[in-house]
Amino acid sequence: VTEYYPTVHSIFQQLSKENKLRFDPFCMQVKLNFINLRDKGRSQPEIFEALVEWLASNTNDRKDLCEIVISYFIQKCEVFDAIAE
């Protein structure tokens with residue numbers, strides 16, 4: 001997580017500057033999915049895996065890359081307050 005964090009953060013900043021990604025709405029989507037999974041009583045590993053699958057299916061990207069992005073949000077503690085505690 002710590003190895004990729006600066007790179008992912010930089011990419012998100014650049015995409016936002018280029019208006020290719022609206023970070024706040026994207027972050028809210030991830031958070032909403034997290035809340036829905038948490039409220040269903042899913043465990044932390046189940047939530048992580050479900051979020052990775054959700055991102056992969058919506059971006060048609062590789063699962064390992066989606067794991068890095070979801071890990072970024074966990075590390076950033078913007079979305080996963082319950083997991084980060």
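The values are calculated or read from the model by the stated rules, or taken from the named source; none is laboratory data. Just so it is clear, the model here is predicted, and its values are computed rather than measured. Glycine also receives a Cβ, built like all others from the backbone with ideal geometry; neighbour counts cover every protein chain displayed. Heads up: the accessible areas ignore ligands, DNA and RNA and are worked out on the full protein's heavy atoms, side chains in. Shrake-Rupley method; radii C 1.70, N 1.55, O 1.52, S 1.80 Å.
Just so you know, in the range 60-80 the residues that are touching a residue at least 40 places away in the same chain (Cβ under 8 Å) and part of a loop (DSSP other than H, G, I, E, B) include one that is most open to solvent (accessible area, probe 1.4 Å), and it is Glu78.
Please specify each residue of the range 4-59 satisfying the condition of being part of a loop (DSSP other than H, G, I, E, B) and either open to solvent by less than 100 Å² (accessible area, probe 1.4 Å) or closer than 15 Å to Ile70 by Cβ (or both). Of everything in the range 4-59, those that are part of a loop (DSSP other than H, G, I, E, B) and either open to solvent by less than 100 Å² (accessible area, probe 1.4 Å) or closer than 15 Å to Ile70 by Cβ (or both) turn out to be Tyr4, Glu18, Leu21, Gly41, Arg42, Ser43.
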